[in-house]
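Chemist: If you scroll down you'll find the structure; I have some questions about it.
Just so it is clear, none of the values below were taken in a lab; they were calculated from the coordinates. Given the structure is predicted, the values throughout are model-derived calculations rather than measurements. Virtual Cβ from ideal backbone geometry, glycine too; neighbours counted across all protein chains shown.
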Amino acid sequence: MQITHNASLKSYNTFGISAKARAFISVTDIEMLKEALHLEAYPEKFILGGGSNMLLKSDVNALVIHVALKGIKTVKETADNIWLEVAGGENWHEFVMYCVNHGYGGVENMALIPGNVGTAPVQNIGAYGVELKDHFYSCTAIHRTTLEQKTFSLEDCRFGYRDSVFKNELKDQYVITSVTFQLDKNKHQLHTGYGAIQQVLKEKEINYPSIKDIAQAVIAIRSSKLPDPKKLGNSGSFFKNPVVPKTIFETIQQKYPEMPFYPVSEAEVKIPAGWLIEQAGFKGKRFGDAGVHKNQALVLVNYGNASGNEIWDLALQIQKEVHQQFGIEIQPEVNIIE
């Protein structure tokens, strides 16, 4: 195994933070992963996927294990469905496009979400009315201490809004090595309910969209709103959209009748965090090299040399202002690495 010491992590996190790892190794198969997890010379281990959902506030005083497992294989197929097992190191967007190009429906609304497949269940990623859990079948994971391999069902994962068992009871206990998805081969259930998708389809005069049309519409929308991490450091949506009791929503709505919202249940309403941040006056603002993107207030950006602490300070300031103005606590979607 090739271990690099004092390794730069700048190219391994989409914020482009100049942090370093005490030691670094990229693993390409299960046995290599198990060997790395049991290296006694490095008692502290840090698992790294696509680096798209984290903010490094300091150097990582641990062995950083970069999961680079690759492969997509069919495990089961019927006339209507296909089950694909996807290795944890596969790029999420590339997997989505693989499905679209093969006519497998279900994940097209989640095109262009940054990151890798192995970390997607941790967050229960989602976009434009679809979440990972909607087509998740199971995942396989290795216990970080015992090296036991375990398969987790949909029920085992306890998915919630940007949440799972891997963020709670099983946090930092397992490394997800593959995810199996159940996808539609025909009779695709298209999700075009979000206004932005409908608008793009209307502009292109597409009345009967395919899953490819949906994916291309999502790519166009995300590209217009979200900066390319390769050009401007960011981690996509920094905050979760808050879900509030309907009574609180109605009180705020009286003052801001134009506020966008999405009913979650009879008692709860989801409010776009980006709208709250924009109303608090942060959209397009820059503080040194840390800032809020000009096209989407939900995205915090690194203009070049911002430290993780500078971006986190900005996040705290945004949280404070939103709470003062609306009485709503917005929580980070991004994992904060101390």
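Chemist: Taking 1 over the mean of 1/r across every pair of different Cα atoms in the range 189-264, what Kirkwood radius in Å do you get?
Modeler: Details: mean 1/r = 0.0656 Å⁻¹.
Across the range 189-264, the inverse of the average 1/r is 15.2 Å.
Chemist: Once you've got the GNM for the chain with C-alpha springs shorter than 10 Å, pick whichever of 109, 101, 13 has the biggest mean-square fluctuation.
Modeler: Among 109, 101, 13, the largest mean-square fluctuation in the Gaussian network model of the chain belongs to 101.
Chemist: If you don't mind, there's one more thing I want to ask. State, to one decimal in nm², a quarter of the convex hull surface area for the C-alpha atoms of the range 198-327, i.e. the direction-averaged projected area.
Modeler: Working: hull surface 38.9 nm².
Computed as one quarter of the Cα hull surface, the answer is 9.7 nm².
Chemist: Starting from the coordinates of the alpha-carbon atoms of the range 1-48, obtain the Kirkwood hydrodynamic radius over all distinct pairs and give the value in Å to one decimal.
Modeler: Numbers: mean 1/r = 0.0861 Å⁻¹.
Every distinct Cα pair counted, the radius reaches 11.6 Å.
Chemist: Going through the range 229-318, which GluC sites (Glu not before Pro) have at most 16 other Cβ atoms within 10 Å and a DSSP loop state? Intermediate results must be reported in sequence, preceding the final value.
Modeler: Numbers: sites: 250, 258, 266, 268, 278, 310; in loops: 258, 266.
Of the GluC sites (Glu not before Pro), the ones in loops of the range 229-318 whose Cβ has at most 16 other Cβ atoms within 10 Å are 258, 266.
Chemist: What are the ³J(HN,Hα) values, in whole Hz, obtained from phi via the Karplus relation 6.51 cos²θ - 1.76 cosθ + 1.60 with θ = phi - 60°, for each residue of the range 29-41 in sequence order, with x given for Gly and Pro?
Modeler: Each residue's phi maps through the Karplus curve to give 8, 4, 4, 5, 4, 4, 5, 5, 5, 9, 6, 6, 5 Hz.
Chemist: While we're looking at this one, here's another question. Beyond 16 Å, what share of the Cα-Cα pairs of the range 104-185 remains, rounded to the nearest whole percent?
Modeler: On the way: 1597 of 3321 pairs.
Counting pairs separated by more than 16 Å, the tail of P(r) holds 48 percent.
Chemist: Moving to a separate point now. Over all directions, the average projected area of the alpha-carbon convex hull for the range 27-96 comes to how many nm²? Display every interim value, and only then the final one.
Modeler: Working: hull surface 24.6 nm².
Directional mean of the projected Cα hull area for the range 27-96 stands at 6.1 nm².
Chemist: So, one more: Past the 22 Å Cα-Cα mark, which pairs from 204/225; 20/230; 225/246?
Modeler: Details: 204/225 19 Å; 20/230 19 Å; 225/246 29 Å.
Listed pairs above 22 Å: 225/246.
Chemist: Right, here's the next one. What are the principal axis extents of the Cα atoms in the range 117-249, in Å, biggest first?
Modeler: Sorted from largest, the Cα extents of the range 117-249 read 55, 41, 40 Å.
Chemist: Can you give me the three principal axis dimensions of the range 165-205 from its C-alpha atoms, in Å, biggest first?
Modeler: 49, 24, 14
Chemist: Any of 133/171; 133/294; 167/285 with alpha carbons more than 20 Å apart? Name them for me. Could the numbers behind the result be given before it?
Modeler: Values: 133/171 18 Å; 133/294 31 Å; 167/285 31 Å.
Result: 133/294; 167/285 exceed 20 Å.
Chemist: I need the phi-derived Karplus couplings for the range 223-240: 6.51 cos²θ - 1.76 cosθ + 1.60, θ = phi - 60°, integer Hz, Gly and Pro marked x.
Modeler: Computed from phi, the couplings for the range 223-240 are 5, 6, 9, 10, x, 6, x, 5, 9, 9, x, 6, 10, x, 5, 7, 10, 6 Hz.
Chemist: Over the Cα atoms of the chain, what Rg and Dmax result, in angstrom?
Modeler: Cα-based Rg and Dmax for the chain come out at 20.4, 61 Å.
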